[in-house]
Amino acid sequence: MAVALDGVLLRQSQEKAVAAWTDAAAIPTVNIVHPTKGAPEQQVVLPGDIHAWYEAPIYARVNGYLKNWYFDFGAQVKKGQVLADIETPEIDAQLTAAKAKLNAASATVKVRDAEAQFAKTTYERWRDSPRGVVSVQEQDAKQADYQSGMARLNAAKADMVMAQADVDRLESLQAFKQVVAPFDGVVTARETDIGALINAGSNGTARELFSVADIHKVRIYVKVPQRQAANIHRGLTVELRLPQYPGKVFTAKATTTSRSVNTSSRTLLVELQADNPDGLLQPGTYVEARLNLPSDPSTMLMPASAILFRQDGLEVAVIGDDDKVTLKKISLGRNLGVQVEVTGGLMPTDRVVDSPPDSLGSGDVVRIAGHPAPGNPPDGSEKEAEAN
């Protein structure tokens, strides 16, 4: 009887041990990682566009026909150099007529001046005559003739001034027959040819004749995301890389910002400036601008494999002291490939599950890899199972 009782108790003990081993074996084993602090600096690579220091489209100021051009695109020009000549037959004819009108007005002034001088002399003689020789009425008449003569002279002088102004205006327009460079630079476009009809202005049927750019220095415009906008300051050194010059690095400095964040892109427009003595930085070129900015001290680095993509957003599984899992929501910064930046939700002391199973949830118990694992079921249970 005692032997049978001992056998029953042994069997029950072995069954409990097997059940405990089975429950322990069902606990998943996971690897953990600890978030690490990011580098004190972060390199932000942004696209940018190069613009000339100065750039001006050149339009004609007078109507006519292109007589000749002297510089093609790519040519270096100095301020005031003649780029082209325009024939202006209409303005030439108007200037000839205006000069003739000015000569006529000048002659009229001389006639009116002579008449006024004669009227003045006559009036003074009658005015200074002895009392009783001439009547007061005759003196008044001579005075009126003199005043009328002066008025006609002043009117003639005014006509001459108007005629002179018309001549000056047409001579100024004639000066625009020569299209000149507004500053030292490079001709970047020539949009006309000999014999082409030229229309003045920049609207309607008018067409750009040339484009001139000063490229001894260049401006580079980049749009910095709002998150990094606070780190932009005057004098910040930026590295520039161009696709056509692989391996070559240019240097630029930040000079100003728009001081306003664009509401559509949530970016801050930043102007960089760079010297361009050899002309390699060409206007219109796409450029990669690499900005070395201080990192957010609260930013953590973590393997991308630790992220759980759930319906409620991005989460990570954190193991507590009791080996139970808690799911934490996180905010991501930059994707660095194998690693990602976590800008919120984690502490350096957190034990984060790496490559967590999709079924893992809050409250689940896990075993950390490297900790003692449960052993095999007792030998007696195996023998008992065999006996049965």
If you take the beta carbon distance between residue 290 and residue 194 as r and set R0 to 35 Å, what does 1/(1 + (r/R0)^6) give as a FRET efficiency, to the nearest 0.05? 0.15
Put +1 on the Cβ of each Lys and Arg and -1 on the Cβ of each Asp and Glu in the chain; which of 195, 172, 264 then has its Cα farthest toward the positive end of the dipole? 172
In the chain, taking the dipole from +1 charges on Lys and Arg beta carbons and -1 charges on Asp and Glu beta carbons about the Cα centre, the listed residue (359, 209, 349) farthest towards the positive end is 209
Accessible area (Å², 1.4 Å probe, nearest 10) - residue 27: 50 Å²
Using a 1.4 Å probe on the protein chains only, how many percent of the accessible area of the chain belongs to carbon and sulfur? 53 percent
How big is segment 75-161 by the Kirkwood estimate over distinct Cα pairs, in Å? 16.8 Å
One can check that the equivalent ellipsoid of segment 280-368, built from the alpha-carbon gyration tensor with semi-axes equal to the square roots of five times its eigenvalues, has lengths in Å, largest first, of 36, 14, 10
With label points set 7 Å from each Cα along the Cα-to-Cβ direction at residue 56 and residue 332, the distance between them in nm comes to 5.1 nm
Put +1 on the Cβ of every Lys and Arg and -1 on every Asp and Glu Cβ in segment 73-190; which of 143, 77, 114 then has its Cα farthest towards the positive end of the dipole? 143
Let me know the shape class of segment 171-266, please: from the alpha-carbon gyration tensor, a ≥ b ≥ c as square roots of the eigenvalues, rounded when a/c is under 1.5, otherwise prolate if a/b is greater than b/c, or oblate. prolate
Please work out how much accessible surface residue 336 shows to a 1.4 Å probe, ignoring ligands, DNA and RNA, in Å² rounded to 10. 80 Å²
Starting from the Cα of residue 223, draw a straight line to each of the lysines and keep only those under 26 Å, dropping any in the same chain fewer than 8 residues away. 248, 253
By accessible area (1.4 Å), largest first, 359, 295 order as 359, 295
By accessible area (1.4 Å), largest first, 124, 90 order as 90, 124
Full extension from residue 206 to residue 111: what is 0.36 nm times the residue separation minus their Cα-Cα distance, to one decimal in nm? 29.6 nm
Could you name the lysines whose alpha carbon sits less than 21 Å from that of residue 37, not counting residues in the same chain fewer than 8 places away? 328, 329
Can you send over the solvent-accessible area of residue 33, 1.4 Å probe, protein chains only, in Å² to the nearest 10? 30 Å²
Express as a percent, rounded to the nearest 5, the fraction of DSSP beta bridges in the chain (both residues included) that run antiparallel. 95 percent
Å² of accessible area per residue within segment 182-291, as computed with a 1.4 Å probe and no ligands counted: 53 Å²
Alpha-carbon Rg with Dmax, taken over the chain, Å: 47.0, 183
In Å², rounded to a whole number, the accessible area per residue of segment 61-179 with probe 1.4 Å is 65 Å²
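The values are calculated or read from the model by the stated rules, or taken from the named source; none is laboratory data. Computed from a predicted model, the values in this text were never measured in an experiment. Note that we place each Cβ from the backbone using ideal geometry, even for glycine, and neighbour counts take in every protein chain shown. Please note that ligands, DNA and RNA were not included when accessible areas were found on the heavy atoms of the full protein model with its side chains. Shrake-Rupley method; radii C 1.70, N 1.55, O 1.52, S 1.80 Å.
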